[in-house]
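Q: First, the structure itself, so that you have it in front of you.
Any read-out appearing in this document is the output of simple, stated calculations on the displayed coordinates, not a laboratory observation. What you are looking at is a predicted structure, and each value in this text was computed from that prediction instead of being measured. Note: ideal-geometry Cβ built from the backbone for every residue, glycine included; neighbour counts use all protein chains shown.
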Amino acid sequence: MDFPPFPGFRDEAFAFLRALEANNRRDWFKPRKDTYEDEVVWPLRCLLLDASREAAMRGRPLRADPKRALFRIYRDTRFSKNKNPYKTHAGGVLSRTGDRASNGVVYVHIQPGASFLGAGFWRPDARLLRAWRLRMTADPAAFLTLADRLAERGLPLRSDGDRLKRMPRGFEDFADTNLADYLRWKTFVTVRPVPDEALRSPAFTDTLVEMMEDVLPLLSFGWEAEREAADAGR
């Protein structure tokens, strides 16, 4: 299917998500699923594919698969005390494979009053996390410069509280360096808040492309670590 340029989210999208938050039940959602598909899913797919086309034109290794890039609205409630069946936001990614499960993504989060763009590596597996730490310690100045440049763009790195209390095994010698805090992290992401009004405009594709460009050095750092981890495992 050929997706048109992003049309902007209509008021109906935000109204639907607000109503879902107040009526998070299957009997409410099912008769309104078409509204969800038309007002939330369709424009989100258009946005991701629009940015994906621009990435291809610029030679950037980011794309979106129209079926695999979006997160499902259905919550996994098996191990949660919260039994609400639906998420009250929508999300999708640009990644190297176009799949939401890839390592290193640009993430779009649509939620009334709490929308944002994010990017980075959320809870990478142990092998990739070790390779990431090895890359940091191999050239501390390069990583710290990367972190500083992201901060200058209003995109400071964050762990979202996902960090070790002690230095990871094998990296104790860096406990008194500027890398010490980063070496304890298990997540490396950055976030740019987005006002609802911006999402209503077709020009928001440009905002997403700008985010893509701003975070590409971070993603490239992690992808290179991923390559090194794969080479070490051979």
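Q: Considering only the other residues whose Cβ falls under 15 Å of the Cβ of residue 98, what net charge follows from Lys and Arg at +1 and Asp and Glu at -1?
A: Neighbour charge sum, excluding residue 98 itself: +4.
Q: Could you go through the stretch 109-116 in sequence order and give the Karplus-derived ³J(HN,Hα) for each residue, using 6.51 cos²θ - 1.76 cosθ + 1.60 with θ = phi - 60°, rounded to whole Hz, and x for Gly and Pro?
A: Those phi angles translate into 10, 10, 7, x, x, 8, 6, 7 Hz.
Q: Could you list which residues have their amide H under 5 Å from that of residue 103, counting only those 5 or more apart in sequence or on another chain, with H placed in the peptide plane?
A: none
Q: Also, I was wondering about something else. So if R0 is 25 Å, what FRET efficiency would residue 158 and residue 76 give, r being the distance between their Cβ atoms, rounded to the nearest 0.05?
A: So, using R0 = 25 Å, E works out to roughly 0.50.
Q: Report the percentage of all Cα-Cα pairs in the stretch 11-232 whose separation exceeds 23 Å, rounded to a whole percent.
A: Summing the P(r) of the stretch 11-232 above 23 Å gives 52 percent of all pairs.
Q: Give the relative contact order (percent, whole number) for the stretch 34-178; include only Cα pairs under 8 Å separated by 6+ residues.
A: Once normalised by length, the contact order is 13 percent.
Q: Now, a different point. Order by neighbour count: 231, 2, 65, 38, fewest other Cβ atoms within 10 Å first, most last.
A: So the ranking, lowest neighbour count to highest, is 2, 231, 38, 65.
Q: If you average the C-alpha positions of the stretch 1-28 and of the stretch 83-136 separately, how far apart do those two centres end up, in angstrom?
A: For the stretch 1-28 versus the stretch 83-136, the Cα centre distance is 21 Å.
Q: What ³J(HN,Hα) values, in whole Hz, does the Karplus curve 6.51 cos²θ - 1.76 cosθ + 1.60 give for the stretch 64-74 when θ = phi - 60°, with x put for Gly and Pro?
A: Taking θ as phi minus 60°, the curve returns 10, 8, x, 9, 9, 8, 9, 7, 5, 7, 7 Hz for the stretch 64-74.
Q: List the extent of the Cα atoms of the stretch 106-234 along each of their three principal axes, largest first, rounded to whole Å.
A: That works out to 49, 31, 24 Å along the principal axes.
Q: Placing unit charges on C-beta atoms (Lys and Arg positive, Asp and Glu negative, everything else neutral), compute the dipole magnitude of the chain about its Cα centre in debye, rounded to 20.
A: Charge dipole of the chain: 1140 debye, to the nearest 20.
Q: Something else about it: Using the count of nearby Cβ atoms within 10 Å as a rough guide to exposure, how do 167, 57, 212, 136 rank from fewest to most?
A: Lowest count first: 57, 167, 212, 136.
Q: Further question: Compute the signed sum of charges (Lys and Arg +1, Asp and Glu -1) over the other residues within less than 15 Å, Cβ to Cβ, of residue 184.
A: +3
Q: What ranking of 185, 132, 28 emerges when the number of other C-beta atoms within 10 Å of each C-beta is taken as an exposure proxy, fewest first?
A: Starting with the residue having the fewest Cβ neighbours, the order is 28, 185, 132.
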